[in-house]
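We did not get these values from a lab; they are worked out from the coordinates using the rules stated. What you see is a predicted model; the values in this text were computed from it and never measured. Neighbour counts are summed over all protein chains in view; Cβ atoms, including those assigned to glycine, are modelled from backbone coordinates with ideal geometry.
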Amino acid sequence: MSIAQAHQASLAPGAELVHSPARNWWLEVLRGLAAIAFGVLAFIWPGITLLTLVLFYGAFVLVDGVLSLVAAVRRGHPAPRWWLVLMGVAGIGAGALTFVWPGITALVLLIFIAVWAIILGVLEIYSAIKLRNEVQGTWLLILNGAISVLFGLVLLWRPDVGALAVVWIIGVYAIMLGVIYVMFGLKLRTSQAA
């Protein structure tokens with residue numbers, strides 16, 4: 001038995017789950033920075049056209065989807081691999097759809113964004129509950145999930161809001177989501193050092 005195998009055998013059940021995401025904390029930080037950049041762009045150009053919003057949204061979810069798949073392959077995330085693959089494929093699909101079909105209407109885009117946010121939020125809450133005993137800071141994932149679900153429900157409830165309000169709502173949501181991802185990634189980094 002090698003030293004590494006002896007060390008792995010000596011770890012408590014679930015310890016690998018805790019140490020693995022800590023090694024890849026930077027993936028969460030990258031996801032957060034991408035979301036923050038998207039949110040800031042929404043505020044810099046508040047008179048943004050629907051087509052530009054669709055393309056920004058497509059770029060954001062495409063990057064998020066790719067990073068989710070990278071996390072699934074590297075096994076460096078506290079969430080289950082099936083969830084990361086599902087979110088990755090959904091993000092890449094949503095991003096590709098926005099580039100292939102950029103002329104979609106505001107209503108379809110809003111419903112699509114709302115459903116994506118609700119699914120993402122529910123899965124993040126589920127992951128946080130499953131990992132609450134293994135990873136510190138899961139309250140950040142629960143908060144993130146709750147914000148995502150609330151955001152999606154508000155968009156479904158009021159899909160007729162003006163384009164400027166939609167841009168600002170999406171910008172605020174993306175920035176909040178990004179900050180929480182960065183905080184979670186940094187929390188994982190500090191848990192790795194401990």
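Summary of packing: across the peptides 182-188, 136-142, the per-residue average of other C-beta atoms within 10 Å ranks them, highest first, as 182-188, 136-142. Along region 52-68 the Karplus relation, 6.51 cos²θ - 1.76 cosθ + 1.60 evaluated at θ = phi - 60°, assigns HN-Hα couplings of 5, 4, 4, 5, 4, 4, x, 5, 4, 6, 5, 4, 4, x, 5, 5, 5 Hz to successive residues, with x for each Gly and Pro.
Taking a Cβ cut-off of under 14 Å around Met87, the surrounding Lys, Arg, Asp and Glu residues balance to a net charge of -1, with basic ones at +1 and acidic ones at -1. For region 16-193, build the charge dipole from Cβ charges (+1 Lys, Arg; -1 Asp, Glu) around the Cα centre, then report which of Trp82, Val166, Phe112 sits farthest towards its positive end. Result: Trp82.
Taking a sphere under 14 Å around the Cβ of Met176 and counting the other residues whose Cβ falls inside, with K and R at +1 and D and E at -1, yields a net charge of 0. Across region 35-45, rounded Karplus estimates of 3J(HN,Hα) from the backbone phi angles (6.51 cos²θ - 1.76 cosθ + 1.60, θ = phi - 60°) give 5, 5, 4, 4, x, 5, 4, 5, 7, 5, 10 Hz, Gly and Pro being marked x.
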